[in-house]
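Here's the structure, in structure tokens; my notes come after.
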Amino acid sequence: MAVDDVDALPDRNAAKGFYSKYEPKEVLGRGGCSVVRRCIEKETGQEFAAKIIDLSDSSDTSILEGTQREVQILRLVAGHPYIIELHDVFESSTFIFLVFELCKNGELFDYLTSVVTLSEKKTKTIMKQLMEALKHVHNQSIVHRDLKPENILLDDNYNVKLTDFGFAKILTPGETLMELCGTPGYLAPELLRSNMIEGAPGYGMEVDLWACGVIMYTLLVGCPPFWHRKQMVMIRNIMEGKYSLQTPEWDDITDTPKDLISKLLVVDPQKRITVTEVMQHPFFQTVKVSVERPFNARKKFQFTILVVRAMVRIQRLRFTPEPLSLATARVDPYRLKALRKVLDQCAFRVYGHWVKKGEGQDRAALFQNYPKMDRPIIGSSNGPGPQFVLTPA
Ligand code: ADP
Ligand code: MG
């Protein structure tokens with residue numbers, strides 16, 4: 001069966017169990033050989049998401065075995081608030097149906113495309129939940145191997161639900177992996193090395209922490225760290241750990257999240273921060289000061305006045321725009337935060353549909369603000385002035 005035909009509802013006889021219990025509805029998402037549909041449990045009227053996996057296209061048993069492994073792992077990691085819950089499984093010779101809890105707010109990927117970037121506070125919430133989910137997974141010696149915003153779903157309250165354990169693997173003590181799997185922009189250097197260099201030592205759970213670094217970077221500034229339109233250059237950038245926290249987008253971001261990213265995107269997996277250490281990083285610590293002091297009415301009053309004054313100043317600050325020098329705006333508009341946000345948001349509003357799933361990298365093209373030298377720039381006499389170059393995938 002062609003991949004397109006997966007959209008057609010599969011033979012009802014092949015999966016009587018599923019159809020007698022659930023009413024399938026619209027498509028929510030797609031994978032390589034699966035379609036995910038919203039469905040309704042007939043008896044309770046409750047909504048779920050059914051991942052319908054087509055086995056008929058595959059001549060070998062790899063998809064069947066892969067799905068059985070996915071189910072085994074989903075059961076091992078079950079019962080965590082930030083991991084997707086598998087509700088039901090139906091298996092026929094041609095299709096497998098995995099019934100999951102429904103995440104009404106879809107993928108973090110689409111959420112990010114709609115808002116362009118996330119604040120530090122929102123990033124902290126999402127990353128903390130992701131790390132808690134990952135800790136639960138790693139505690140059971142399971143490596144996910146495909147962490148990316150497409151596989152992080154958001155429930156009704158915008159809480160994280162980690163999903164897609166299709167590439168996940170249980171590691172035996174001391175075991176290292178060699179297999180090349182995952183999504184290009186999120187691949188860790190040691191995983192690439194295992195495939196490119198003879199005698200490389202293989203990789204382990206550290207690859208998930210690298211992917212978390214890529215995700216966190218992307219959430220904060222909207223574009224991924226290693227992107228290059230030539231994939232080989234991107235792979236070289238990954239292997240050399242070549243990325244920047246100095247571009248204009250980073251100007252308004254504090255040092256704590258930058259420090260965490262720099263500890264996640266460490267080329268040597270042995271020196272990379274672990275999931276337990278991440279949870280203790282200052283980025284996730286809320287400072288609570290509770291010092292017992294005798295009550296002093298005068299001091300309290302003075303302090304209140306200071307707070308009110310500060311509040312008024314902060315409120316007024318919002319209406320005071322950044323000083324905008326015409327000279328800067330003319331040569332480098334992207335340097336000015338106010339203009340940059342407007343430019344990025346406009347670019348996403350017009351060209352956001354170019355950001356393709358499964359690749360995640362062409363998101364960066366919407367942030368490219370330097371001239372592309374292999375094409376003539378219209379309206380410019382070869383001047384080096386900044387320009388958006390928007391390259392559809
Ligand atoms: P694949 O292994 O084929 O990538 P996924 O399990 O990642 O399959 O599902 C593909 C897409 O379907 C997801 O990226 C998401 O958009 C959608 N999806 C999957 N599970 C759910 C769910 N429980 N609720 C809502 N949407 C879902
Ligand atoms: Mg997926």
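The values are calculated or read from the model by the stated rules, or taken from the named source; none is laboratory data. This is a predicted model, so every value here is computed, not measured. As a convention, Cβ positions derive from the backbone with ideal geometry for all residues, glycine included, and neighbour counts pool all protein chains shown. With ligands, DNA and RNA removed, areas are computed over all heavy atoms of the protein, side chains included. Shrake-Rupley method; radii C 1.70, N 1.55, O 1.52, S 1.80 Å.
So here's what we get for this one:
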{"item": "Top-ranked residue of the stretch 135-149 - restricted to ones that are assigned to a helix (DSSP H, G or I) and buried (at least 22 other Cβ atoms within 10 Å of the Cβ), ranked as farthest from ligand 1 (Cβ to nearest atom)", "result": "VAL137"}
{"item": "The one condition in (1) over 25 Å from VAL221 (Cα atoms); (2) away from ligand 2 (no atom under 16 Å from the Cβ); (3) not in a helix (DSSP H, G or I) that LEU98 fails to fulfil", "result": "(2)"}
{"item": "ALA200 on the phi < 0 side of the Ramachandran plot, at pLDDT below 95 and more than 13 Å from ligand 1 (Cβ to nearest atom)", "result": "yes"}
{"item": "The stretch 191-215, residues that are in a helix (DSSP H, G or I) and under 23 Å from ILE152 (Cβ atoms)", "result": "LEU191, LEU192, GLU206, VAL207, ASP208, LEU209, TRP210, ALA211, CYS212, GLY213, VAL214, ILE215"}
{"item": "Flag if GLU101 is acidic (Asp, Glu) and within 14 Å of ligand 1 (Cβ to nearest atom)", "result": "yes"}
{"item": "Matching residues, the stretch 106-134, being within 16 Å of ligand 1 (Cβ to nearest atom), touching a helix residue (DSSP H, G or I) at 6+ places or on another chain (Cβ under 7 Å) and open to solvent by 10 Å² or more (accessible area, probe 1.4 Å)", "result": "GLU107, THR113"}
{"item": "Any hit, the stretch 50-59, residues being more than 14 Å from ligand 1 (Cβ to nearest atom), open to solvent by 50 Å² or more (accessible area, probe 1.4 Å) and at pLDDT below 95", "result": "yes"}
{"item": "Where a residue in the stretch 21-46 is open to solvent by 30 Å² or more (accessible area, probe 1.4 Å) and its partner, wherever it lies, is among the polar types (S, T, N, Q), with Cβ under 9 Å and at least six apart", "result": "CYS33/SER58; ILE40/GLN46; LYS42/SER20"}
{"item": "ASN139 vs. criteria in the same structural domain as GLN280 (by TED's automatic domain parsing) and away from ligand 2 (no atom under 16 Å from the Cβ)", "result": "yes"}
{"item": "Residue match in the stretch 256-264 (condition: on the phi > 0 side of the Ramachandran plot and open to solvent by less than 50 Å² (accessible area, probe 1.4 Å))", "result": "no"}
{"item": "Single residue of the stretch 219-245 satisfying the filter (touching a helix residue (DSSP H, G or I) at 6+ places or on another chain (Cβ under 7 Å) and β-branched (Val, Ile, Thr)) that is nearest to THR117 (Cα to Cα)", "result": "VAL221"}
{"item": "Residue in the stretch 37-57 that is under 30 Å from SER141 (Cβ atoms) and touching a Gly at 6+ places or on another chain (Cβ under 7 Å) present", "result": "no"}
{"item": "Filter result (in a strand (DSSP E or B) and within 14 Å of ligand 1 (Cβ to nearest atom)) within the stretch 72-94", "result": "ILE83, LEU86, HIS87, ASP88, VAL89"}
